[in-house]
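Here's the structure, in structure tokens; my notes come after.
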Amino acid sequence: MTHDDRPGSFDRAYTEFLLRRIVHDLGNSISGINSLSDYHLRAGVNDAALTESLTLIRESAESSRELLVSVGTLLQPPEVEEELVHVQSLLDETAKSLSLLIPRSVKLETTGNGQSDTVISVVRGAFLRKIIALAAMELVNVRIASGYLRLGWAREGNKEVRVQFCSSLRTGSKLAEEAPGFLADLSRHLAVVGVAEGGASLVTLIFPIIEFKEGPE
């Protein structure tokens with residue numbers, strides 16, 4: 001390791017350690033808030049205003065818990081091997097994490113074509129992290145974001161699946177230019193196309209289908 005490498009490695013280890021401790025400790029605190037508010041609601045509260053407040057506290061704690069679980073998952077060491085996954089479940093998992101991380105002023109749209117048994121080969125954890133990274137590229141320098149992010153997929157015949165990530169945020173990022181190289185290692189047989197048009201950026205990931213079953217079109 002060279003002298004120049006050391007600060008970067010130290011910073012990564014330091015940041016990862018802090019994030020893991022924050023996730024762990026906040027998770028414990030939020031679990032306590034959730035359990036305590038749920039206990040009082042189950043025991044019965046005669047005050048309507050207090051009941052409403054406890055319900056809001058419990059719902060907020062549960063949303064925070066889900067966010068921490070998602071962040072904890074993203075902090076796990078990345079996989080390097082491809083695995084066979086159902087496209088719909090992969091995008092459902094990714095969309096759930098995105099919905100917890102993006103600002104509420106940004107609308108998240110999801111689309112699919114109902115072929116829940118369609119399977120592709122992909123590095124699953126890397127897919128999740130890199131789609132979130134695409135969203136981060138659009139949001140990182142925006143103070144108040146508005147518009148939509150769209151994540152969807154469609155089967156093209158019996159040979160390929162097209163997964164699309166679209167942003168209308170008009171942030172001036174180079175998403176369409178940089179995404180193909182950034183996403184190329186998600187699968188050995190992946191093709192990626194980025195297009196910027198009409199103020200929106202569209203990135204299309206083209207995977208060969210490993211297997212599928214006929215379903216509703």
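The values are calculated or read from the model by the stated rules, or taken from the named source; none is laboratory data. Quick caveat: nothing in here was measured; it's all calculated off a predicted structure. Virtual Cβ from ideal backbone geometry, glycine too; neighbours counted across all protein chains shown.
Can you spot a residue in the stretch 39-51 that is crowded, with 16+ Cβ neighbours inside 10 Å, in contact with a His (Cβ under 9 Å, 6 or more places away or on another chain), free of Cβ contacts under 8 Å to residues at least 24 places away in the same chain and of a type in the set (A, V, I, L, M, F, W, C)? Checked against the condition, which is being crowded, with 16+ Cβ neighbours inside 10 Å, in contact with a His (Cβ under 9 Å, 6 or more places away or on another chain), free of Cβ contacts under 8 Å to residues at least 24 places away in the same chain and of a type in the set (A, V, I, L, M, F, W, C), the stretch 39-51 yields no hits at all.
Taking the condition charged (D, E, K, R), closer than 26 Å to residue 169 by Cα, at pLDDT 85 or above and not in a strand (DSSP E or B), does residue 52 pass? So residue 52 does not fit the description; no. Among the residues of the stretch 119-147, which ones are at pLDDT below 90 and among the hydroxyl-bearing types (Ser, Thr, Tyr)? Of everything in the stretch 119-147, just one residue is at pLDDT below 90 and among the hydroxyl-bearing types (Ser, Thr, Tyr), namely 146. Has the stretch 189-207 got any residue that is assigned to a helix (DSSP H, G or I) and in the same structural domain as residue 102 (by TED's automatic domain parsing)? No, the conditions are met nowhere in the stretch 189-207.
Would you check if residue 111 is among the β-branched types (Val, Ile, Thr), touching a strand residue (DSSP E or B) at 6+ places or on another chain (Cβ under 8 Å), at pLDDT below 90 and closer than 24 Å to residue 187 by Cβ? Considered against the rule, which asks whether it is among the β-branched types (Val, Ile, Thr), touching a strand residue (DSSP E or B) at 6+ places or on another chain (Cβ under 8 Å), at pLDDT below 90 and closer than 24 Å to residue 187 by Cβ, residue 111 comes out as yes. Among residues of the stretch 90-133 being touching a Pro at 6+ places or on another chain (Cβ under 9 Å) and within 19 Å of residue 77 (Cβ to Cβ), the one that is surrounded by the fewest Cβ atoms within 10 Å (Cβ to Cβ) is 125. Suppose we keep only residues that are surrounded by 15 or more Cβ atoms within 10 Å (Cβ to Cβ) and polar (S, T, N, Q) within the stretch 59-89. Which one would you say is farthest from residue 121 (Cα to Cα)? It comes out as 64. Here residue 13 does not qualify as modelled with pLDDT of 75 or more and among the hydrophobic types (A, V, I, L, M, F, W, C). Those strands (runs of 3 or more DSSP E) of the stretch 62-142 in which at least 1 residues are polar (S, T, N, Q), considering only elements entirely within it, cover 106-111, 119-122. Selection within the stretch 155-180: residues that are hydrophobic (A, V, I, L, M, F, W, C) and not in a strand (DSSP E or B). The member of this set that is nearest to residue 81 (Cα to Cα) is 179. Only a single criterion out of (1) modelled with pLDDT of 90 or more; (2) outside any strand (DSSP E or B); (3) within 20 Å of residue 105 (Cβ to Cβ) is not satisfied by residue 183, namely (3).
Only one of the numbered conditions (1) within 23 Å of residue 20 (Cα to Cα); (2) of a type in the set (D, E, K, R); (3) free of Cβ contacts under 8 Å to residues at least 24 places away in the same chain is not met by residue 104, and that is (1).
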